[in-house]
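Structure provided below as structure tokens; questions to follow.
No value in this document is a laboratory result; all are computed from the given coordinates. The structure displayed is predicted, hence computed values, not measured ones. Virtual Cβ from ideal backbone geometry, glycine too; neighbours counted across all protein chains shown.
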Amino acid sequence: MVVFGIMMPLLRGRAARFPWCDERAGRESTPCAPRRWPAGGRYAVLELNEAPGYRTPPHVHPGMDESFYVLEGTLELEVGGTTHTLAAGSYVHIPRGTPHAQGSADDLPVKLLTTFTPGGFEAFFLDRVELARTVRRGDEEFLPRMMDVVHRHGAWLQPAQ
């Protein structure tokens with residue numbers, strides 16, 4: 001069952017910076033996770049900045065739950081054929097195996113606090129940051145290289161059926 005709500009953020013601990021994100025954080029097209037809170041693999045918490053107009057393809061995470069807390073902007077989330085628009089302060093929990101797609105709902109970036117249970121999927125975002133250093137979204141070589149990143153993390157991320 002997908003759970004929606006509004007919550008106040010509570011997070012203790014020290015954030016670890018992902019490499020290269022600080023220098024790119026002010027750019028609109030930054031597809032990176034500038035902070036993560038390590039938790040010994042039990043879960044991972046990432047702060048994500050998604051570009052205006054960016055949307056993931058429909059996908060599932062067969063081995064992990066995913067939650068979003070919208071910090072800034074508006075997140076558009078499609079679950080079960082229904083599109084939900086989530087403003088800053090909104091929270092959603094997506095159980096493992098639930099097909100979904102998400103992205104910025106408008107021409108503004110969206111900043112999310114994302115939790116994965118168990119942890120491990122944060123490695124996908126490290127690879128995504130590395131990709132962003134060498135090729136821009138929209139370039140001819142972006143999609144094939146992004147699919148390589150997706151396939152490397154196939155145990156965590158699969159296309160929705």
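If I model a spin label at VAL135 and HIS151 as a point 7 Å from the Cα along the Cα→Cβ vector, what separation in nanometres do I get?
The answer from the label model is 1.2 nm.
Note the per residue figure in Å³ for the convex hull of the C-alpha positions in the stretch 62-161.
Enclosed volume per residue, from the Cα hull, is 115 Å³.
Over all directions, the average projected area of the alpha-carbon convex hull for the stretch 95-151 comes to how many nm²?
The Cα convex hull of the stretch 95-151, projected and averaged over all directions, gives 5.2 nm².
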